[in-house]
1. Output the residues belonging to segment 1-42 that are touching a helix residue (DSSP H, G or I) at 6+ places or on another chain (Cβ under 6 Å) and small (Gly, Ala, Ser).
2. Quick one: in segment 294-343, of everything that is among the aromatic types (Phe, Trp, Tyr) and outside any loop (DSSP other than H, G, I, E, B), which residue is modelled with the highest pLDDT?
3. Among what's in segment 117-143 and is surrounded by 14 or more Cβ atoms within 10 Å (Cβ to Cβ) and among the β-branched types (Val, Ile, Thr), pick the residue that is nearest to residue 3 (Cα to Cα).
4. Could you give me the residue pairs with C-beta distances under 8 Å whose first residue belongs to segment 344-362 and is farther than 13 Å from residue 390 by Cα and acidic (Asp, Glu), whose second residue is surrounded by 18 or more Cβ atoms within 10 Å (Cβ to Cβ) and at pLDDT 95 or above wherever it lies, and which are 6+ apart or on separate chains?
5. What are the residues in segment 467-488 that are surrounded by fewer than 19 Cβ atoms within 10 Å (Cβ to Cβ), over 15 Å from residue 388 (Cβ atoms) and out of contact with any strand residue (DSSP E or B) (no Cβ under 9 Å at 6 or more places or on another chain), if any?
6. Looking at segment 88-191, what strands (runs of 3 or more DSSP E) fall wholly within it and have at least 2 residues that are among the charged types (D, E, K, R)?
7. Among residues belonging to segment 285-317 that are of a type in the set (A, V, I, L, M, F, W, C), more than 23 Å from residue 462 (Cβ to Cβ) and within 14 Å of the chain's Cα centre (by Cα), point out the one that is surrounded by the most Cβ atoms within 10 Å (Cβ to Cβ).
8. Answer with yes or no whether residue 322 is among the acidic types (Asp, Glu) and within 22 Å of residue 293 (Cβ to Cβ).
Amino acid sequence: MAQVAKILAAMLREGQPLTDSSEQAVAARRALPFDAWIHTYFPHYAWCESSPLHLAADEIVEEKGIPIAEYWFRGAGKTTRALLRRVRRILERRAHFIIVGGQTEENAAEKLDLIKLELVNNPRLRRDYGDRIGPRGGNDTDTDWIAVETRVLARGTGQSCRGLLHGPHRPDDFLGDDLESDFLARNPQREKHLWEWLFGNVFPALSVEHAPSTRRHGEHGETHGEEKPVLGEKLRDLSVSVVQTGGAWCEILLNNYGTRHGLKARFQEAAAQRDAAGRPICRYIEYLAEDERGESAWPERFPTAVLRRMCAIMGRGLYGREMLGKSFSDDEVFRPDWVRDFRAADFDRSTAEVRAAVDPSATAKETSDYKALVVLARPRGTRELRCLHAWLRRASPNELIAEILRVYDAFSPGRIGCEANGFQAFLWPLLEANEEIRGRVNRVGLFPVTNAASKEDRILSLQPDFERGLCYFDEGEGDQRLLLDQFLDFGKPGVHDDGPDAFEMARRLFTESRPGGKPREPLMRVDPRNNFAAAFAGTGDEVRGRNDE
């Protein structure tokens, strides 16, 4: 009730009737696109500009005849916009029978209260659509009422939707919101029952006037053939979505509880499946707080700096789950709650050994791996690994050499290691052909590393250090945020791992000590035929820096 009172107070304060009540002005306002419509009639909700995500979603969810599952980041206003969409369908008589589903009937009834609140009390709606738009009264209840010509019904998970009618109409609009809880998402059997309720009870009960088409329309009206199966669909893949004329709307708003059994994971898997006619079973779309560059997708509401602070306060695990849609299970190789934070600029390097490692990729093409350079510090007397700098780029040989020189000058690492095969294929030809570049780098010695184990096994060997909380990162420095993303996504298809590979090589360059004994050389294979120190400094001897012991 406190929430309702707060909304009502804001509505009456900010949503007074618009001054121009002419027939033409009212008609123009009623015909506005959905986003402009909610900004006009619901200023108590729409207090800042919407994002491109919202505008794209407004089009996508109008598709009928197919379940559309949406994951929205926390605070995106998904429930509010979904409920206001139902308000408009009621006012325009586009929906005959709406079912709002929740984890319990009481949860669903709370959503109905918010719809009813606008229909009964919103001054702007009542001015432009008339006073008789609220529930009619009579036999209406809190969970089942009729407004204008539309029946609105609350249903909790497990309650039957079979055989329901409003006059001659079957339900033609279903909104599922908050259908599961954290406890439910961790119970495979309960999640199985929830899935069976959605697809065995709710969806078959909806209106099926026409079968949905699976052909999309392009920007100029042209049609395209059947869609190829994909594991879920990103927003950019649905930038133009055909609006069906038959069937029912079926919109399901998802939370992310990070489990393999939850609705989010099930819809991701189901979106790749097709029926016997080749039509998709459902659609799954993600709306994430950050774009592919790591910038805010809704800067008007969540500036990038605010997201960074949220990540620092929440921790990478919760932030990744709530804002980026990531799922972290117990079998993840690297978990965000293992990561430790520090400020690289405040770290006293005089108390530590410093090492760096380079992982050069074979080409500079956009499709190739990243070239990676990672600088680590280990405080003397500890097993900690503090990442002072990370550089992960698709870059040319000249750019990589320039970064090596900059790192040498800025951090004075005791050793800079380089993967042997990558050096031979990528850097050595440039040095061999260019005497001027050789002269510039003659003060730097690269320590050759020939890897005997596979890259995957070497990166996996870092897991105990992460799990014991020994690995520290500063996400605001260099490309460390990208480095962490590569660690946390390690093992997933299409994910680059050059940063973790360079991290692992840098760790191996530290001097290991036996208990009660003297320091020994790092456990690695050094191929004297690929002596980078000789190539760079004109000698085969080890080159030591100012930060060595």
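1. 15
2. Step one: list which residues in segment 294-343 are among the aromatic types (Phe, Trp, Tyr), which gives 298, 302, 319, 328, 334, 338, 342.
Subsequent filtering for residues that are outside any loop (DSSP other than H, G, I, E, B) retains 319, 338.
Numbers: 319: 84, 338: 89.
Here the residue is 338.
3. Among residues in segment 117-143 that are surrounded by 14 or more Cβ atoms within 10 Å (Cβ to Cβ) and among the β-branched types (Val, Ile, Thr), the one nearest to residue 3 (Cα to Cα) is 120.
4. Listed pairs, sorted by first residue: 353/377; 353/378.
5. 467, 468
6. Working: elements: 97-102, 144-147, 150-156, 173-177.
It comes to 150-156, 173-177.
7. Filtering segment 285-317 for residues that are of a type in the set (A, V, I, L, M, F, W, C), more than 23 Å from residue 462 (Cβ to Cβ) and within 14 Å of the chain's Cα centre (by Cα), the one surrounded by the most Cβ atoms within 10 Å (Cβ to Cβ) comes out as 289.
8. Numbers: among the acidic types (Asp, Glu): yes; within 22 Å of residue 293 (Cβ to Cβ): yes.
Judged against the criteria, residue 322 is a match.
The values are calculated or read from the model by the stated rules, or taken from the named source; none is laboratory data. None of the values given here were measured: they were computed from a predicted structure. Please note: Cβ atoms are built from the backbone with ideal geometry, for glycine as well, and neighbour counts cover all protein chains shown.
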